1. Normalised by the residues of segment 28-201, what does the relative contact order come to in percent, with Cα pairs under 8 Å and at least six apart?
2. Would you grab the residues whose amide H sits under 5 Å from the one on GLY98? Only those 5+ places off in sequence or on another chain, please, with H modelled 1.01 Å from N.
3. Okay, helix-only estimate at 222 nm for the chain: each DSSP H run of n ≥ 4 adds -39500 (n - 2.57), divide by all residues, round to 500 deg cm²/dmol; what do you get?
4. Along the charge dipole of the chain, pointing to its positive end and built from +1/-1 on Cβ of Lys, Arg, Asp and Glu, which listed residue (SER179, VAL37, GLY99) has its Cα farthest out?
5. Ratio of the chain's C-alpha Rg to 2.2 N^0.38 Å, to two decimals?
6. Under the rule of at least 5 residues apart or a separate chain, name every residue whose amide H is placed under 5 Å from the amide H of ARG38.
7. Tell me, what ³J(HN,Hα) does each residue in segment 97-111 have, in order and in whole Hz, if you take phi through Karplus 6.51 cos²θ - 1.76 cosθ + 1.60 with θ = phi - 60° and put x for Gly and Pro?
8. Expected output is a single nm value to one decimal: the length gained when fully extending between ASP160 and ILE85, i.e. 0.36 nm times separation in residues minus the C-alpha distance. What is it?
Amino acid sequence: MASSSEKAETSGSSENAGNSENSGNSKKVGNKIIRLVRGDITREEVDAIVNAANSTLMGGGGVDGAIHRAGGPQILEECKQIRAIQGPLPPGQAVITGGGKLKAQYVIHTVGPIWRNGSSNEEETLASAYRESLILAAQYELRTVSFPSISTGAYGFPLDKAAPIAVSTAHSFLQQDNSVEEVRFVLFDTFAFNEFQDALNAL
Ligand code: AR6
């Protein structure tokens, strides 16, 4: 594990020597930026963090559980109100609540696809989850948004397929949007971080 993270850091800095904003951990998109961060998304100081929720919007494990625990009951209350009005949230769509006790002002809740060997339009649904979250962020005039790696935990989407979809969807969005200035991907472990780094470098 130590050697793979060393390799990733070395390749990032050497391939992009002389351009600190396009290191292996970030990529400029015009005057905006995509950044990769290792850590816990609940600690992010951004306008919005994105939750990899499920269609019930009633909480769960993984990053969903962590966000509700850190943000307190207010987030679930707002999710219940949304659920009462519009019913379950289909995969690929997104809704927004306040951030409760989090440092982030908002939580955008989206639902990724459950991986079924690629036979059920999972790739397009995953792209839609990222895109719809960013559209919502722009509607709220948010400037900084942090994403976890949607669908790659309990939902089983392979990271080597998910990471390119995540970064390319963010890249395309930033090319045509004038509100969001920074998209951050907050990766919990080194393996996910390295997959996202490879995907970002391949853009
Ligand atoms: N910060 C950043 N990333 C995290 C954190 C955290 N605090 N905790 C976990 N991850 P998952 P999914 C990473 O399972 O695959 C829930 O029960 C984790 O390592 O949270 O979209 C929902 O309610 C993984 O890489 O989300 C749904 O039922 C990534 O977040 C279901 O799981 C996503 O893993 C959604 O599954």
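1. Working: 358 pairs, mean separation 54.0, N = 174.
Computed value for segment 28-201: 31 percent relative contact order.
2. Close amide H contacts, sequence-distant or interchain: VAL107.
3. My calculation for the chain gives -14000 deg cm²/dmol from helical runs alone.
4. My answer, from the dipole projection, is GLY99.
5. Details: Rg = 16.2 Å, N = 203, 2.2 N^0.38 = 16.6 Å.
Taking N as the residue count of the chain, the ratio is 0.98.
6. LEU187
7. Once rounded to whole Hz, the list reads 10, x, x, x, 7, 5, 6, 5, 6, 10, 10, 9, 9, 10, 10.
8. Working: separation 75, 0.36 × 75 = 27.00 nm, distance 3.66 nm.
That works out to 23.3 nm of additional length.
Where a number appears in this text, it was derived from the coordinates with a stated rule and is not lab data. The shown structure was predicted, so the numbers you read here are calculated from the model rather than taken from an experiment. FYI the Cβ positions are ideal-geometry reconstructions off the backbone, even for glycines, and counts take in every protein chain you see.
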